[in-house]
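As structure tokens, the structure follows; a few thoughts come after it.
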């Protein structure tokens, strides 16, 4: 028995690959996603190093991995720390009262790109970290597509294979670079406010957003590592060399769309339903869930805070909640001053909630959420109906994505001050069984999907490590011009042919007509 176990151990070790997960700590959802990828590969028996340069000091002491222990960090400089202090003091209340689109969101993206540029410069100057990374020969590097510095690091460390891994749905730039179709006529873009059914105006806007959105490649040049011997290269061409693209999107949740074989939807990799349901809630949460016949969780995430919403929104929400005396509302609120709701006995304010554990509890009736992708995925896997109030970025798209499953109601954030709108949504989500039924159906589909996200990650990561860049998955379409891609040249040839044939036929009929006319004239003269 011991011999067999030892033999199995040796076999397992012989197939272990070395993975480097490049995970800048700048936002919790992104860091957690890449951390989960690292743990998934570690648990599968591989050697995983997570390189986690600190960009947000608030995340420095928050572990994003459980089983991955080989973690290399890099401290931020004064510029990055100052930027985070500015973010801490920024007025995010504006996002509650102004609609956002790709153009306004782009300003925030451009600012973040500057911080990634600085982080890349720091890495190029940190010989100690670079040497630690170079001491181990990696087979594969995994990173998010906007972290363009990873292309430089891959070349410097001479890592043969890469897997682009995004914690968001696939963005239009990555699709374009790898040659994947972008059907703007029926698939909403990353920052779209629309669903899959769009009128002419919405389709035009969807196209414009995809055309004008700029990604990180415009602000970060490959020359940063030139002093380390990395020659400049075409960054857009580098994207096409990825073996696979791991996308935090699940085909059973997201909008259906044509994809390449190298695009792998792993949405749900961060949601371990079995473990979540095994978690034990503390006594106070049990008491809250048992207090009334129904319970609603209200949380707008960890970026935009409830405390920053306009006071008229807060007062209206309290008024609506009070109109449901048989419902307990658990409201994640980031301030101790809740005097605006001093007489609301069925509202419980708390700075923190065990969100996944509450969503997994059958006593929770509904979830009011900002529709961040992590929350949208969790509620889908755990079968909870929701009211979505998207605030910015991809949240509008996520809300529409959920709505098409019939498990949620989407509300514009500007309607948070409208009493009847909010009350009607709560009345429907709590007492119309169709929403709960559809939520449970989606959860069942996800629980029994043919291949789990975990299996997809492991199998594709191991395949990439073994075979490297898979040239056969690189479509010829990405090398065509726009004119060729949309068959403009073929259309011209067809039109020219039709035109030429039409001219010839016209000429023929004219000649025939002339001949017949002359024949008739000649016959008349003879008579």
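The values are calculated or read from the model by the stated rules, or taken from the named source; none is laboratory data. Just so it is clear, the structure is predicted and the values come from calculations on it, not from any experiment. Here Cβ is always computed from backbone atoms with ideal geometry, including for glycine, and neighbour counts include all displayed protein chains.
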If I ask for residues that are in a loop (DSSP other than H, G, I, E, B), modelled with pLDDT of 90 or more and closer than 20 Å to residue 478 by Cα, which ones from the stretch 144-168 would you list? 145
All conditions in (1) surrounded by fewer than 16 Cβ atoms within 10 Å (Cβ to Cβ); (2) in a helix (DSSP H, G or I); (3) without any contact (Cβ under 8 Å) to a residue 60 or more places away in the chain are true of residue 445 except (3)
Of the conditions (1) part of a loop (DSSP other than H, G, I, E, B); (2) assigned by TED's automatic domain parsing to the domain that holds residue 327, the single one that residue 231 does not satisfy is (2)
Of all residues in the stretch 210-229 being more than 30 Å from residue 184 (Cβ to Cβ) and surrounded by fewer than 14 Cβ atoms within 10 Å (Cβ to Cβ), the one that is modelled with the lowest pLDDT: 223
Can you name every residue in the stretch 300-322 that is modelled with pLDDT under 95 and either assigned to a loop (DSSP other than H, G, I, E, B) or touching a strand residue (DSSP E or B) at 6+ places or on another chain (Cβ under 7 Å) (or both)? 300, 301, 302, 303, 304, 305, 306, 309, 310
